[in-house]
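The values are calculated or read from the model by the stated rules, or taken from the named source; none is laboratory data. Every value quoted in this text rests on a predicted model; they were computed, and no experiment measured them. Glycine gets a Cβ as well: all are built from the backbone with ideal geometry, and neighbour counts include every protein chain shown. Ligands, DNA and RNA are stripped out before the accessible areas are found, and what is left, the full protein with its side chains, is counted by its heavy atoms. Shrake-Rupley method; radii C 1.70, N 1.55, O 1.52, S 1.80 Å.
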Amino acid sequence: MAYQVHAYDPPERHGRDRDQRPSYGSDAAEALGVDAGRVHKTLAVSVDGRLVLAVVPVARELDLKRLADAMGGRRAVMASPVEAEKATGFVVGGISPLGSRRPIPVVVDAAALDLETVFVSAGRRGLQVELAASDLVRVANAKVAAIARDGPDG
């Protein structure tokens, strides 16, 4: 499998509250000089009480209802940062869809397959791995579903 690891200096600021955290994915896209549509964030979500990792472009938002549907569930809510970090072994801003502490189902947004390569966190802030979306799906044993939507600005 072909891949390339890209390191960059992550932002210094951080916080546990959503409004205090930096936009790690957008920061990565800017630092690496790539379109934000190619950089994907990995979000930890509880679907009917079961943790799932959702991989969506940083330029878009996760649609919780679509994710619940993709997992055959009824309700999806964002996991707390503490829950996400404990389950994955990664810190927020560095959560990767690959190599979690324990097996966690992964769902990749279907639009990723339209791209030649995508960037996802390589397990820590300031480190991204670039690989073919099809390889990401295969290696993560991921489901593919349309789980992203345009945000309020797009």
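Counting the residues of segment 122-145 that are touching a strand residue (DSSP E or B) at 6+ places or on another chain (Cβ under 7 Å), under 22 Å from residue 93 (Cβ atoms) and assigned to a strand (DSSP E or B) gives 6.
Out of 146, 133, one residue alone is closer than 25 Å to residue 6 by Cβ and of a type outside the set (D, E, K, R). It is 133.
Selection of segment 3-23 for residues being at pLDDT below 90 and either farther than 14 Å from residue 81 by Cα or open to solvent by 80 Å² or more (accessible area, probe 1.4 Å) (or both) yields 9, 10, 11, 12, 13, 14, 16, 17, 18, 19, 20, 23. Go through segment 101-111 and give me each residue that's open to solvent by 30 Å² or more (accessible area, probe 1.4 Å) and assigned to a loop (DSSP other than H, G, I, E, B). Across segment 101-111, the qualifying residues are 101, 102, 103, 105.
Yes/no matrix, rows are residues, columns are (1) more than 12 Å from the chain's Cα centre (by Cα); (2) of a type in the set (Lys, Arg); (3) closer than 17 Å to residue 36 by Cα:
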site	(1), (2), (3)
97	no, no, no
114	yes, no, yes
136	no, no, no
143	yes, yes, no
148	no, no, yes
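Could you go through segment 80-88 and let me know if any residue there is of a type in the set (A, V, I, L, M) and under 14 Å from residue 123 (Cα atoms). Among the residues of segment 80-88, at least one is of a type in the set (A, V, I, L, M) and under 14 Å from residue 123 (Cα atoms), which makes the answer yes. Scanning segment 67-77 for residues being open to solvent by less than 70 Å² (accessible area, probe 1.4 Å) and touching a Ser or Thr at 6+ places or on another chain (Cβ under 9 Å) gives a total of 2.
Each row is one residue, and each column tells you yes or no for (1) aliphatic (A, V, I, L, M); (2) open to solvent by less than 40 Å² (accessible area, probe 1.4 Å).
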site	(1), (2)
90	no, yes
99	no, no
113	yes, no
117	no, yes
123	no, yes
131	yes, yes
137	yes, yes
140	yes, yes
148	yes, yes
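Just one of the numbered conditions (1) within 12 Å of the chain's Cα centre (by Cα); (2) of a type in the set (S, T, N, Q); (3) more than 22 Å from residue 6 (Cα to Cα) is not true of residue 121: (3).
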